[in-house]
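A.B. asks: Below is a structure I'd like to ask you about.
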Amino acid sequence: MVIFSFIAELVFSVVIIFIALYLYFTRNFNYWKNKNVPYIKPLPFFGNIYNGILMRHCMGEIFSDLYKKSMKPFIGFFILDKPCILLRDPQIIKKFLVNDFQYFYDRNVLNNIRDDPISTHVLFVLKNPEWKEIRTKITPVFTSSKIKVMSKLIEDVAQEMVDYLGKNIDVNSTMDMKDISLKFTVDVISTTIFGVNAYSFKNKNSEFKEIAQKLFNWDDLLTAFRMRCYFLAPAIAKLFRMSFLDPYCTRFLKKCFLEIMDSRIVSKVSRNDLIDILLQLKNNDEQFMDGDILVAQAVMFFAAGFETSSSTMAFALYELAHHPDIQNKLRHEINVISEKHGGINFDSLKEMEYLDMCVKEVLRKYPVLPFLDRKATANYNIPGTDIIIDRDTPVFIPILALHNDPRYFPSPEKFDPERFSKTNVNNIENFAYMPFGEGPRNCIGARFGKITTKLGLAYILKTFMIETTRLTENKIKFNPKGVVLSSLTGMKLRLNKV
Ligand code: HEM
């Protein structure tokens, strides 16, 4: 009898808890309806990101799924119980990102000053007014003349990569070009930002490469979960005191950076890299005398720089392997123009129009950061409507979906660099193509990323032909746990000397 009443009490408590949770998690579900905003019906506890929570879809695919559910210019949806808005129409997107930027200058991503003293100063997560101050001071780091000087360091790494490939290919073997691209960009970032050679090609156990792999290791559930919380559910990341980047990695990068900085101060040697530029900021600007702010910029360049460029390079090699005609045309351009300039360098790259078209098309099909996020910093009236977006509402822009919408890019599955030819490029709708984001908060390293990717590709293509093998996938499957786009299985390709 006692046991029976115990079970009855237990069942009763579970039912009450379930009902309470249900009511709590669904309390906002009329939010968009009450505002007269078209919205997608949510599921209790999950909102509209069921597949995202179960890590069945990568972040780009989550927003693409939502994008396809309506044709309206903007739609309401829910992340768990939180009302969010997804912008679909390029003209509305322009308003949010550019014209009315003063309402959307912050990202939704968490800035966790309590638990992550380094990443809290990283430009990507900084909130205003600190973001504006740091962004203004960091912007001159990426001027064309500074990148030109740094491009000499990138050329050295590209030559090392080609030498390595030359020694390691054999006709029957395939190489994982995702891994090669990663080695290349890790060495580029290490030499241009940290002023050291990471020797990823010479040394199998390069520490910088290990750190890079750990930073965005989507197969590590903790990393995948932490990142997903930071972007989609900042309140959960805060509650569980998560850090933005892996603390072991930030500690390693901090130690390296401070050691290199100290030795640079003692030796007074200049290497025309970012350390030199950050040293100048440290000497001349009070704000940068706080070590953590300075370290954060180096950590940010490292984290934001290697994965984006290496993935773009790997996706490019994959598409070129599938399209030998495009690859040959590109190689011809590289040969002709590099001969004219005495090699592949900053100046010759500027003349390689077809290379530029190919990279643009790669970034159309595979925008490495497949969505943008912002947060309303004040109540905002959507122009032409009487709808008010409340302060603190997260705003998402589905880049991957826009880039693959046949209305803007006919036959989006087709890899076609001609979309970006001089005659065709003007037909692309403004704000339907944004691989580097848009507005004052766009990618600060876009130029640097493009030069790195193009130098890497040009060096490889001048020396090698890239081919698919039976191990190469016909269609890339994105890693469902990824925040950035990355291939689930690597990029198995065959290289032959030209
Ligand atoms: C192919 C390479 C790259 C791609 C596709 C890319 C893409 C992006 C995108 C889409 C954003 C968000 C922009 C927005 O919200 O409007 C972004 C932001 C950012 N990127 Fe990149 N990126 C690349 C390379 C780099 C490199 C090489 C660096 C640095 C060395 C870098 C540093 C940053 C930083 C610091 C931000 C945050 C800017 C801010 O909040 O003010 N990126 N990037």
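Throughout, read-outs are computed from the coordinates displayed, never taken from laboratory work. Since the model is a prediction, treat every value here as computed from it, not as a measurement. Don't worry about glycine lacking a Cβ; one is built from the backbone with ideal geometry, like all the others, and counts go over all protein chains shown.
A.B. asks: Between beta-carbons, use under 12 Å as the cut-off and find the net charge around P435, counting Lys and Arg +1, Asp and Glu -1.
C.D. replies: +2
A.B. asks: Also: When the distances between all Cα atoms of the chain are binned every 10 Å from zero, what whole-number percent does each bin get?
C.D. replies: Taking all Cα pairs of the chain, the binned fractions are 4, 18, 28, 26, 15, 6, 2, 1, 0, 0 percent.
A.B. asks: Calculated from DSSP H runs of 4 or more alone, at -39500 (n - 2.57) each and per residue, what is the 222 nm mean residue ellipticity of the chain, nearest 500?
C.D. replies: About -15500 deg cm²/dmol.
A.B. asks: Enter the Cα centre distance for the pair the range 290-341 and the range 268-288, rounded to the nearest angstrom.
C.D. replies: 26 Å
A.B. asks: With r defined as the distance between the Cβ atoms of F101 and D386 and R0 fixed at 25 Å, what FRET efficiency is calculated, to the nearest 0.05?
C.D. replies: 0.70
A.B. asks: Can I ask one more? Checking the table K202/K254; K95/K360; K95/K365; K41/K127; K148/K340 against a 21 Å threshold on Cα-Cα, which pairs fail?
C.D. replies: K202/K254; K95/K360; K95/K365; K41/K127
A.B. asks: Express in nm, to one decimal, how much length is gained between Q159 and M55 on full extension, taking 0.36 nm for each residue of separation and deducting their alpha carbon distance.
C.D. replies: 33.6 nm
A.B. asks: Turning to a different aspect of this structure: If you line up the long axis of helix 247-267 against the longest principal axis of the chain, both from Cα atoms, how many degrees apart are they, to the nearest 10?
C.D. replies: 40 degrees
A.B. asks: Still on this structure: Put +1 on the Cβ of every Lys and Arg and -1 on every Asp and Glu Cβ in the chain; which of V269, I40, S144 then has its Cα farthest towards the positive end of the dipole?
C.D. replies: Final value for the positive-end residue is I40.
A.B. asks: Taking H as built 1.01 Å from N, whose amide H comes closer than 5 Å to the amide H of L43, not counting residues under 5 places away?
C.D. replies: Here N48 satisfy the definition.
A.B. asks: If I model a spin label as a point 7 Å beyond the Cα along the Cα-Cβ vector, how far apart are those points for R447 and T489 in nm?
C.D. replies: Between R447 and T489, the simple spin-label model gives 4.0 nm.
A.B. asks: Using a Förster radius of 56 Å, what is the FRET efficiency between N430 and D262 based on their Cβ-Cβ separation? Nearest 0.05, please.
C.D. replies: Computed FRET efficiency for N430 and D262: 0.75.
A.B. asks: Answer with one residue from Y199, P73, G437: the one whose Cα lies farthest towards the positive end of the charge dipole of the range 34-497, charges on Cβ with Lys, Arg +1 and Asp, Glu -1.
C.D. replies: Working it through, the farthest residue towards the positive pole turns out to be P73.
A.B. asks: Here is a follow-up. Which of the trypsin sites (Lys or Arg not before Pro) found in the range 83-118 are loop residues per DSSP with 14 or fewer other Cβ atoms within 10 Å of their Cβ?
C.D. replies: Here the sparse-neighbourhood loop sites are R114.
A.B. asks: Full-extension gain between D285 and F45, please, as 0.36 nm times their residue separation minus the C-alpha to C-alpha distance.
C.D. replies: In short, 81.6 nm is gained.
A.B. asks: Calculate, in nm to one decimal, what R407 and R135 gain on full extension: separation in residues at 0.36 nm each, minus their alpha carbon distance.
C.D. replies: Result: 94.4 nm gained on full extension.
A.B. asks: If R₀ is 22 angstrom, what is the calculated FRET efficiency for the pair E418 and K68, using the beta carbon separation as r and rounding to 0.05?
C.D. replies: Between E418 and K68 the formula returns 0.25.
A.B. asks: A further question follows. Per-residue HN-Hα couplings for the range 333-346, Karplus 6.51 cos²θ - 1.76 cosθ + 1.60 at θ = phi - 60°, whole Hz, x for Gly and Pro?
C.D. replies: 4, 4, 5, 5, 6, 5, 5, 4, 9, x, x, 8, 8, 3
A.B. asks: Still on this structure: For the range 408-464, which GluC sites (Glu not before Pro) are in a loop by DSSP, counting at most 11 other Cβ atoms within 10 Å?
C.D. replies: Those satisfying the criteria are E413.
A.B. asks: Right, something else. Mind listing the long-range amide H neighbours of F464? Cut-off is under 5 Å, sequence gap 5 or more, other chains count too, H placed in the peptide plane at 1.01 Å from N.
C.D. replies: Sorted by chain and number, the residues that satisfy this are V498.
A.B. asks: Continuing with this model, one more query. In terms of modelled amide H atoms, which long-range or inter-chain residues lie less than 5 Å from the amide H of F104?
C.D. replies: Counting only residues 5 or more places away or on other chains, the set is T377.
A.B. asks: Count neighbours as other Cβ atoms within 10 Å of each site's Cβ, and list the chymotrypsin sites (Phe, Trp or Tyr not before Pro) in the range 163-249 that are DSSP loop with at most 11 such neighbours.
C.D. replies: Loop-located and lightly packed - F240.
A.B. asks: Take N205 and K350, extend 7 Å from each Cα along the Cα→Cβ direction, and tell me the distance between the two endpoints in nm.
C.D. replies: Between N205 and K350, the label points sit 4.5 nm apart.
A.B. asks: Could you please report the charge total around D115, scoring K, R as +1 and D, E as -1 over all other residues with beta-carbon less than 12 angstrom from its beta-carbon?
C.D. replies: Here the count lands on +3.
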